[in-house]
1. Which number in (1) closer than 18 Å to Gly72 by Cβ; (2) touching a strand residue (DSSP E or B) at 6+ places or on another chain (Cβ under 7 Å); (3) modelled with pLDDT of 90 or more marks the one condition that Gly26 misses?
2. Which of the residues spanning the stretch 53-86 are at pLDDT below 95, hydroxyl-bearing (Ser, Thr, Tyr) and closer than 19 Å to Arg12 by Cβ?
3. Quick check: is even one residue across the stretch 12-22 β-branched (Val, Ile, Thr), part of a strand (DSSP E or B) and modelled with pLDDT under 90?
4. So how many residues does the stretch 18-28 have that are touching a residue at least 24 places away in the same chain (Cβ under 8 Å) and under 15 Å from His65 (Cα atoms)?
5. Only residues that are in contact (Cβ under 8 Å) with a residue 40 or more places away in the chain and over 21 Å from Gly26 (Cα atoms): list them for the stretch 62-74, please.
Amino acid sequence: MIILASKELDKRGISHQSTTKLVFQGRLFTKGQTFASRLRDMAVEVAQEEQSLGQPCIVIDHETHVTLWKSGRSLMGTRSHPHRLS
């Protein structure tokens with residue numbers, strides 16, 4: 001599981017708030033649940049649980065909320081990619 005700060009992605013010019021799909025480390029991630037900031041620990045627990053079941057996850061930490069992104073498959077070797085995180 002990876003935790004990324006929204007501000008850091010913004011600094012890199014990576015669009016993540018207006019999209020539902022991202023590519024990170026050759027995997028396609030789909031936007032999942034959003035949690036209020038006060039429920040950040042719960043979001044991390046959900047991501048850890050998913051990760052333990054073999055579902056790679058990214059948590060993006062925003063000022064007012066936290067969003068869980070889940071990966072379903074690898075995109076290695078494909079040509080077209082949604083928004084890339086690298």
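The values are calculated or read from the model by the stated rules, or taken from the named source; none is laboratory data. For clarity, every value in this text was computed on a predicted model and none was experimentally measured. Don't worry about glycine lacking a Cβ; one is built from the backbone with ideal geometry, like all the others, and counts go over all protein chains shown.
1. Result: Gly26 fails condition (3) only.
2. Ser86
3. No, every residue in the stretch 12-22 fails to be β-branched (Val, Ile, Thr), part of a strand (DSSP E or B) and modelled with pLDDT under 90.
4. Qualifying residue count for the region: 0.
5. His62, Glu63
Yes/no per residue for (1) in contact with a Lys or Arg (Cβ under 9 Å, 6 or more places away or on another chain); (2) exposed (fewer than 13 other Cβ atoms within 10 Å of the Cβ); (3) under 15 Å from Ser6 (Cβ atoms):
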| position | (1), (2), (3) |
| --- | --- |
| Thr19 | yes, yes, yes |
| Gln25 | no, no, no |
| Thr34 | no, no, yes |
| Met42 | no, no, no |
| Val46 | no, no, no |
| Glu49 | no, yes, no |
| Gln55 | yes, no, no |
